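Read the structure below first, then the notes.
The values are calculated or read from the model by the stated rules, or taken from the named source; none is laboratory data. Keep in mind that what you see is a predicted model, and the values were worked out from it rather than measured. Cβ placement follows ideal geometry from the backbone for every residue including glycine, while neighbour counts extend to all protein chains displayed.
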There are 2 protein chains.
Amino acid sequence: MPVLKEVPAEAQVISHRLMLRSGMIRQQASGVYSWLPFGLRALQNIIKVITRNMSKVGSLEMLMPCIQPASLWLESGRFENYGKEMLKFQDRHDNTLLFGPTNEDMITDVFRHNIQSYKDLPKNLYHIQWKFRDEIRPRFGVMRAREFLMKDAYSFDIDQAGAHKSYNQMYLAYLQTFHDMGLHVIPVVADSGVIGGDLSHEFHILAEHGESTIFYDKRFLHLSASKSLNMEEVGSLYAVAEEKHDFNNGNFLEDEIASSKSIEIGHIFYIGTKYSKAMKAVVNDSNGNLVPVEMCSYGIGISRLVAAIIEANHDEKGIIWPSSVAPFTVSILNLNMSDDKCNELSKILYDQLLASDVSVLYDDTEERAGSKFATHDLIGSPYQLIIGSKKGASDIVEVKNRKTGKIEELDINLVMKLFLND
Amino acid sequence: MPVLKEVPAEAQVISHRLMLRSGMIRQQASGVYSWLPFGLRALQNIIKVITRNMSKVGSLEMLMPCIQPASLWLESGRFENYGKEMLKFQDRHDNTLLFGPTNEDMITDVFRHNIQSYKDLPKNLYHIQWKFRDEIRPRFGVMRAREFLMKDAYSFDIDQAGAHKSYNQMYLAYLQTFHDMGLHVIPVVADSGVIGGDLSHEFHILAEHGESTIFYDKRFLHLSASKSLNMEEVGSLYAVAEEKHDFNNGNFLEDEIASSKSIEIGHIFYIGTKYSKAMKAVVNDSNGNLVPVEMCSYGIGISRLVAAIIEANHDEKGIIWPSSVAPFTVSILNLNMSDDKCNELSKILYDQLLASDVSVLYDDTEERAGSKFATHDLIGSPYQLIIGSKKGASDIVEVKNRKTGKIEELDINLVMKLFLND
């Protein structure tokens, strides 16, 4: 974890600065990043929250390759439409390939070769894979990168009623997923762009330096992320992406509506039969007729989420991770490495927390106390266990809550209980 | 899990046939595959075994991108050497990029920007990422694919003695890793090819249709994969790759040596300073001198391993998964879906196994008994729980061991105990 004390000059937004300073990422080419161990842990924890929620709604995990043949995109009619953002190339036999920017075409191909009957529907499949979009101006670190990690899910239904049911189920699963990450998300009505279809929602979080602008009912601001989600309440409030907003065409009063900069972290599309018709993904319905399958697609920008979570959870000292995605739940700061008692106490805590599956980082470096405080405020573990700040204290540990800054002095046994019941 | 009854005509080797028949993969382009849910589970279980063993020896997980800038390869001097197997292309700004076939160059870049002192050594980092090698003739399914998943680790030491220690530690970790997957592996002395360096071992399993040939001490055949590994014994026996073998130049008698077709599943290299010198990855030693860091690299072909494990573990009916990597440990075959008692018993078993974190597949289709037997022998769960084969039996479950074929009749409570203590 190579921590920087200086603020990197090239980073314009706070999340990018904090990710570089805490040693989470390293840029390898414009918009292409390595994830160092600390950063990868955040990415993996976000993946855990997503897979748990996908599994709950019966979505099955699979994995499509990074490389796609141009032939599938020619078949769906999207090959030319996608423009310069698509990275195309020839292999040694002069076949045209591309680095997948999204997977509607390929999943339609997988579907048509494996499913022929309405009896096997509905079906919901997802994968988590690196995508590439050759952005003309990559920026803000992993927020607008070229190679990025996306979870994309696809649902298949026999008719429109079924597809709407699938869409709504995933809409709710997305609210729950972002809620589980400690994010205060606003689902907004959106355009469906290059994916196609006529119903679409984006999921946004408010952020000072966000690239999007949304208009939303002010009551969203009082729906706290910490209380359990009220799905009905969320779904009934007005919220739209900028291009969809019209003050003269909505069931609201103007002063009930706020507008803010925001970051898009998820996007769902009711696609219909655009791909299934073009690529002949047809199934037998209960009357024995061949009908094109009704599709929806659902994306979450996983690598971008790391930045978005930091934009929404930081202070002037550094990151404040929500527990569910924190690379480490606990940092142990041993301030007195020359004291046997401090070393013993730190080691006992470390071993016991590890054995209890609490993710813990033990700072046993020779750095001074001030430097250790600064480092651990920067990397933002929800809890810091501070050992050795007071001379002569035996089994007392200072427990600092990173978010509130509050410090409690607790006996070591009480500390262990605290985390085992967490 | 789209299971095929017919043998696919295009598949030449048994693992490819079984992977297609059991719905594990679908080819999307020559040597490029989608992993369907059943196949992905095997891949993920292999990853678990690998990460557990990497973690045990203190290797830290990170993640480098698929796309690499040509500049790093020009700097290391490998850009032209790699030849047509490297997939190169231009982005929209005419920068030359490539889809990484391996990561020595990039990890050296990450290292030199983050580590400057011998105090931070030794260091061992690994990542699990999709690679691409544009093979002239991809074949045998995922065994020789173009896009493939590899675990590659890299160690960094201040001197040769340290690097040899790291090399030996990973050599043993590899033996343990393959052993944990139920594989009977033979480590052979090998050439280091395009990676460079002067010490190298490959890890092979014997397989009738393997593409490699190895020469090895016949005593390897008696070192069973099921008993615990005797590291010293393994390390002292003669075993070399074909190109390294010389009957006139070894400490053995000719009739002690066998030769077999085999599959390479891992490869480790003592690299030395090839990359650190070319790319100026230097560190301060304890005397304050700048010295190039000593490197080794360590690869495991994860997607190829799925095929290799099947080559080594199958019979005429299908796959016989080793427990540690089985997509499902248990298959429940309900043979009488119209019987309330059978449905209840099956559901109780399914729910209790799930709740106990046993990975279980419940076959509640309307297929006939013979078809269910064939399907589950094909997909190879280590245990089949057969419900409803005998009229009037109440709480009796037939437990079939896929490997031995033996069937025991057990009370449901005994069945649960069996798996909870497993």
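At-a-glance table
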| read-out | value |
| --- | --- |
| Candidates B:Phe215, B:Phe220, B:Phe203, filtered to the one that is assigned to a strand (DSSP E or B), at pLDDT below 95, in the same structural domain as B:Ser76 (by TED's automatic domain parsing) and of a type in the set (A, V, I, L, M, F, W, C) | B:Phe215 |
| Region A:141-183 - residue that is aliphatic (A, V, I, L, M) and in a loop (DSSP other than H, G, I, E, B) and, of those, surrounded by the fewest Cβ atoms within 10 Å (Cβ to Cβ) | A:Ile158 |
| The listed residue being touching a residue at least 40 places away in the same chain (Cβ under 8 Å), under 18 Å from A:Lys372 (Cα atoms) and in contact with a strand residue (DSSP E or B) (Cβ under 8 Å, 6 or more places away or on another chain), out of A:Leu43, A:Leu18 | A:Leu18 |
| Flag if B:Phe99 is within 23 Å of the chain's Cα centre (by Cα) and either modelled with pLDDT of 95 or more or among the small types (Gly, Ala, Ser) (or both) | yes |
| Count of region B:117-137 residues which are assigned to a loop (DSSP other than H, G, I, E, B) and either at pLDDT 95 or above or of a type in the set (D, E, K, R) (or both) | 6 |
| Residue match in region A:10-22 (condition: more than 14 Å from chain B (Cβ to nearest Cβ), over 23 Å from A:Glu104 (Cα atoms) and surrounded by fewer than 17 Cβ atoms within 10 Å (Cβ to Cβ)) | yes |
| Those strands (runs of 3 or more DSSP E) lying entirely in region A:266-356 with at least 1 residues under 30 Å from A:Ile115 (Cβ atoms) | A:282-284, A:290-292, A:294-301 |
| Options B:Leu354, B:Leu349: the member that is surrounded by fewer than 16 Cβ atoms within 10 Å (Cβ to Cβ) and of a type in the set (A, V, I, L, M) | B:Leu354 |
| Region B:273-291, residues that are surrounded by 19 or more Cβ atoms within 10 Å (Cβ to Cβ) and either under 21 Å from B:Asp152 (Cβ atoms) or not assigned by TED's automatic domain parsing to the domain that holds B:Asp120 (or both) | B:Lys274, B:Tyr275, B:Ser276, B:Met279, B:Ala281 |
| In region A:369-422, the residues that are modelled with pLDDT of 95 or more and assigned to a loop (DSSP other than H, G, I, E, B) | A:Gly380, A:Ser381, A:Pro382, A:Arg402, A:Lys403, A:Thr404, A:Gly405, A:Lys406 |
| Residues of region A:82-94 satisfying the condition of being touching a strand residue (DSSP E or B) at 6+ places or on another chain (Cβ under 7 Å) and either more than 7 Å from every other protein chain (Cβ to nearest Cβ) or small (Gly, Ala, Ser) (or both) | A:Met86, A:Lys88, A:Gln90 |
| Residue that is farthest from A:Glu147 (Cα to Cα), among those in region B:45-62 that are within 12 Å of chain A (Cβ to nearest Cβ) and in contact with a Ser or Thr (Cβ under 7 Å, 6 or more places away or on another chain) | B:Glu61 |
| Those residues of region A:362-403 which are touching a residue at least 40 places away in the same chain (Cβ under 8 Å) and of a type in the set (Phe, Trp, Tyr), in sequence order | A:Phe373, A:Tyr383 |
| A:Leu345 being touching a residue at least 24 places away in the same chain (Cβ under 8 Å), of a type outside the set (Ser, Thr, Tyr) and farther than 24 Å from A:Val3 by Cβ | yes |
| Looking only at region B:357-396, and only at residues there that are within 29 Å of A:Lys119 (Cα to Cα) and of a type in the set (Val, Ile, Thr), the one that is surrounded by the most Cβ atoms within 10 Å (Cβ to Cβ) | B:Ile387 |
| Subset of region B:99-150 [over 24 Å from B:Tyr167 (Cβ atoms), away from chain A (no Cβ under 11 Å), of a type outside the set (A, V, I, L, M, F, W, C) and touching a strand residue (DSSP E or B) at 6+ places or on another chain (Cβ under 9 Å)] | B:Gly141 |
| Subset of region A:63-120 that is over 20 Å from A:Phe269 (Cα atoms) and β-branched (Val, Ile, Thr) - its residue that is surrounded by the fewest Cβ atoms within 10 Å (Cβ to Cβ) | A:Thr96 |
| All positions within region A:38-62 that are under 26 Å from A:Pro138 (Cα atoms) and either hydrophobic (A, V, I, L, M, F, W, C) or buried (at least 17 other Cβ atoms within 10 Å of the Cβ) (or both) | A:Phe38, A:Gly39, A:Leu40, A:Arg41, A:Ala42, A:Leu43, A:Asn45, A:Ile46, A:Ile47, A:Ile50 |
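For every residue, the table says whether it meets (1) modelled with pLDDT under 95; (2) over 24 Å from the mean Cα position of the chain (by Cα); (3) within 30 Å of B:Val110 (Cβ to Cβ).
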residue	(1), (2), (3)
B:Lys227	yes, no, no
B:Ala239	yes, no, no
B:Asp255	yes, yes, no
B:Glu264	no, no, yes
B:Met279	no, yes, yes
B:Glu294	no, yes, yes
B:Ile309	no, no, no
B:Ala312	yes, no, no
